[in-house]
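The values are calculated or read from the model by the stated rules, or taken from the named source; none is laboratory data. As the structure is a prediction and not an experimental result, all values here were calculated from the model. Ideal geometry is used to build each Cβ from the backbone, glycine not excepted, and the neighbour counts take in all protein chains shown.
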Amino acid sequence: MPGHSSRRRRVTAALMMIATAGLPLASAAQSTGLLYDPQPPADSAYVRIIALGTAPMEVAVDGARRIKALAASEPSEYLVLPAGPHQFELRGGGRTRHATVNVQSGRALTLAFITAQADAAPVVFEDRPNANKLKAVVAVYHLHAKSGALDVSTADGSTRVFANVGFATSSAIPVNPITVDLIASAAGDKARLTGARLAMAPGGTYSVFLVPDAKGNLELRTRTNQIERFTGAHHSSSQP
């Protein structure tokens, strides 16, 4: 049938043009490295840092710099570390903070350095993973020393997400993965003290930090939890 033969030739020609056009792109992708980074070893632990203050901090782990300039009151990505004890050193603003933390295989921790004292132990939070790919997990961290217990609610006041959260404590819950405006208020009150928007996706994990801003006032910050890029080369991507 001439009509069908002609159509087949046109389709074949079009496919060949598409395939040929894609070759330079595929070649370039192969020349720049691996398609996927290696997976962290099975015994890895995951640790992120948040440091209160006004100056950015350089973060070293076991003597090697891992973060060049961590902004004040801003959480880092989770660093991939071997299980076991590690020495953390934070330098910035004319101060140095030290801590030794033993991390367990498969665990995720948030280390909150809430004072400027050199040897003050950080507050250690164990973070909750998300095993339900249809839900999101959101955690709150109360790190504002001048505030009493706080509630975190939806901005319209219809839902109290976290109730009576005390200073230096954390809590986590699974929720529907939606975009929502959140506010913080004194526990038992609905008057807005501060707020921010949180956009979530199925299977994600998210954080709500109640921290001091540059002037020491309460600020609510929402963040998507992220792990640093793992290259398998002694975790050296953040080193100089």
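Of (1) outside any strand (DSSP E or B); (2) touching a Gly at 6+ places or on another chain (Cβ under 9 Å), residue 157 satisfies all except one. Which?
Checking residue 157 against (1) outside any strand (DSSP E or B); (2) touching a Gly at 6+ places or on another chain (Cβ under 9 Å), the one that fails is (2).
Could you name every one of the strands (runs of 3 or more DSSP E) located completely within segment 54-111 that has at least 3 residues being of a type outside the set (Gly, Ala, Ser) and more than 30 Å from residue 215 (Cβ to Cβ)?
Values: elements: 57-61, 64-70, 79-82, 84-92, 95-103.
The strands (runs of 3 or more DSSP E) meeting that bar are 79-82, 84-92, 95-103.
Please go through (1) without any contact (Cβ under 8 Å) to a residue 60 or more places away in the chain; (2) under 18 Å from the mean Cα position of the chain (by Cα); (3) more than 19 Å from residue 114 (Cα to Cα) for residue 171 and return the number of the only condition it doesn't satisfy.
Among (1) without any contact (Cβ under 8 Å) to a residue 60 or more places away in the chain; (2) under 18 Å from the mean Cα position of the chain (by Cα); (3) more than 19 Å from residue 114 (Cα to Cα), residue 171 violates only (3).
I'd like the full set of residues that are under 16 Å from residue 213 (Cβ atoms) and surrounded by fewer than 18 Cβ atoms within 10 Å (Cβ to Cβ), limited to segment 175-194.
Passing the criteria: only 192.
Select from segment 77-115 the residues that are in contact (Cβ under 8 Å) with a residue 60 or more places away in the chain, under 18 Å from residue 42 (Cβ atoms) and hydrophobic (A, V, I, L, M, F, W, C) and write down the one among them that is surrounded by the most Cβ atoms within 10 Å (Cβ to Cβ).
Applying the filter and picking the extreme gives 79.
Hey, can you tell me all the residues within segment 41-76 that are surrounded by fewer than 19 Cβ atoms within 10 Å (Cβ to Cβ) and either touching a Lys or Arg at 6+ places or on another chain (Cβ under 6 Å) or among the charged types (D, E, K, R) (or both)?
43, 58, 62, 65, 68, 74
Looking at this structure, is residue 95 at pLDDT below 95, at negative phi and not aliphatic (A, V, I, L, M)?
Spelling it out, residue 95 is indeed at pLDDT below 95, at negative phi and not aliphatic (A, V, I, L, M).
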